[in-house]
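Visitor: So that we are looking at the same thing, I have put the structure below in structure tokens.
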Amino acid sequence: MRKRPQLYLLLLLCLLLTECRQPATVMDDENAVYYWRTEWRLDSIEVAFLQQYDIHKVYCRYFDVVMTDDGPMPNATITFGENPSPVAQHLIPTVYITEDCMHEPHPGLARKLVRRVLQMNETNDIERVSEIQIDCDYTDRSRATYYDFLSEVRREAESQGLRLSTTIRLHQLSMPPPPADYGVLMLYNTGSPRNFVERNPVLDFRDVQPYLSRLDDYELPLAAAYPVFLWQREINGVRIEHEVTADEILRVKKAVEHQRPELRHTILTYHLDNENINRYNTETYEAIYHH
């Protein structure tokens, strides 16, 4: 009988260790959308879409950071034709950084970026902002510099009461996770544009499948983003359109959520636009945003 308390303690320790292996989530069950245009202006269809699917978060691209002869500089900054606060409960400023900006360190860049975001919020009376997201297609070459940069951004953001998220592409799952509060797994642009005859470069289950096993051990909380856009391009004077079927989106969604159930917590679509809304029917959007 004296050994029973020790047995209880051992079982409790095993349970705690098991739970520690699972990455803790910092997200609730929330629907979200990307806004990737250079002017903030919503029409009645887009407002209705946010309301119909109970979308509480809008990840809004504020500006890009591109490499110039003078170093990294902001580019294509969004203008706010109207105040987004009454529409979106939570607006998440998102900044896209080109990979070549991370080929070498740029002291002070993180502070400048956070200050610029805060200034844009203040200038446009944007309230209830609690987070910043950084989007970068980093590679093995740029990863160390990018992670150092993210650590600096995170410190700057935390000093302002903001958390930090970052995008995660499938090929980045093979790397150690970045220093962020969570990541958004980009389940689009998964294939090579040069292989468009056999596979859809926007999203093809066959391009996602090899990475599914990496989801189990990836130690960063994750949300998932799915494509609802049409990609048009010209090749030798012939216009090519890449549009993902609803079945393919839902097939990928089912597979990644089976591998990592956490991915049903926060679901995003890329991106909010009248044409994209009309591309799929109500049943498809309900299935995508189903938790």
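The values are calculated or read from the model by the stated rules, or taken from the named source; none is laboratory data. What you are looking at is a predicted structure, and each value in this text was computed from that prediction instead of being measured. We place every Cβ from the backbone using ideal geometry, glycine too, and count neighbours over all the protein chains shown. In case anyone asks, the SASA skips ligands and DNA or RNA and just uses the protein heavy atoms, side chains included. Shrake-Rupley method; radii C 1.70, N 1.55, O 1.52, S 1.80 Å.
Visitor: If THR77 satisfies every condition in (1) in contact with a strand residue (DSSP E or B) (Cβ under 6 Å, 6 or more places away or on another chain); (2) open to solvent by less than 40 Å² (accessible area, probe 1.4 Å); (3) outside any strand (DSSP E or B); (4) under 19 Å from TYR34 (Cα atoms) but one, which is the exception?
Guide: Of (1) in contact with a strand residue (DSSP E or B) (Cβ under 6 Å, 6 or more places away or on another chain); (2) open to solvent by less than 40 Å² (accessible area, probe 1.4 Å); (3) outside any strand (DSSP E or B); (4) under 19 Å from TYR34 (Cα atoms), only one is false for THR77: (2).
Visitor: In the range 117-137, what residues are surrounded by fewer than 16 Cβ atoms within 10 Å (Cβ to Cβ), of a type in the set (S, T, N, Q) and within 14 Å of TYR59 (Cα to Cα)?
Guide: Once the filter is applied, which keeps residues that are surrounded by fewer than 16 Cβ atoms within 10 Å (Cβ to Cβ), of a type in the set (S, T, N, Q) and within 14 Å of TYR59 (Cα to Cα), the range 117-137 yields only SER130.
Visitor: Which condition does ASP247 not pass, out of (1) open to solvent by less than 50 Å² (accessible area, probe 1.4 Å); (2) closer than 24 Å to ASN195 by Cα, if it passes all the others?
Guide: Here ASP247 meets the rest and fails (1).
Visitor: So which residues in the range 142-190 are touching a residue at least 12 places away in the same chain (Cβ under 8 Å), among the small types (Gly, Ala, Ser) and either in contact with a Lys or Arg (Cβ under 8 Å, 6 or more places away or on another chain) or over 15 Å from LEU222 (Cα atoms) (or both)?
Guide: Passing the criteria: SER142, SER151, ALA157, GLY161, SER174, ALA180.
Visitor: Within the range 138-153, is even one residue in contact with a strand residue (DSSP E or B) (Cβ under 7 Å, 6 or more places away or on another chain) and open to solvent by 10 Å² or more (accessible area, probe 1.4 Å)? Working first, answer last.
Guide: Start the filter on the range 138-153 by keeping residues that are in contact with a strand residue (DSSP E or B) (Cβ under 7 Å, 6 or more places away or on another chain), which leaves 150, 153.
From what is left, the residues that are open to solvent by 10 Å² or more (accessible area, probe 1.4 Å) are none.
So far as the range 138-153 goes, no, none of its residues is in contact with a strand residue (DSSP E or B) (Cβ under 7 Å, 6 or more places away or on another chain) and open to solvent by 10 Å² or more (accessible area, probe 1.4 Å).
Visitor: Now for a separate question. Considering only residues that are part of a loop (DSSP other than H, G, I, E, B), at pLDDT below 95 and either of a type outside the set (Gly, Ala, Ser) or under 16 Å from the mean Cα position of the chain (by Cα) (or both), which ones fall in the range 218-246?
Guide: Matches in the range 218-246: ASN236 only.
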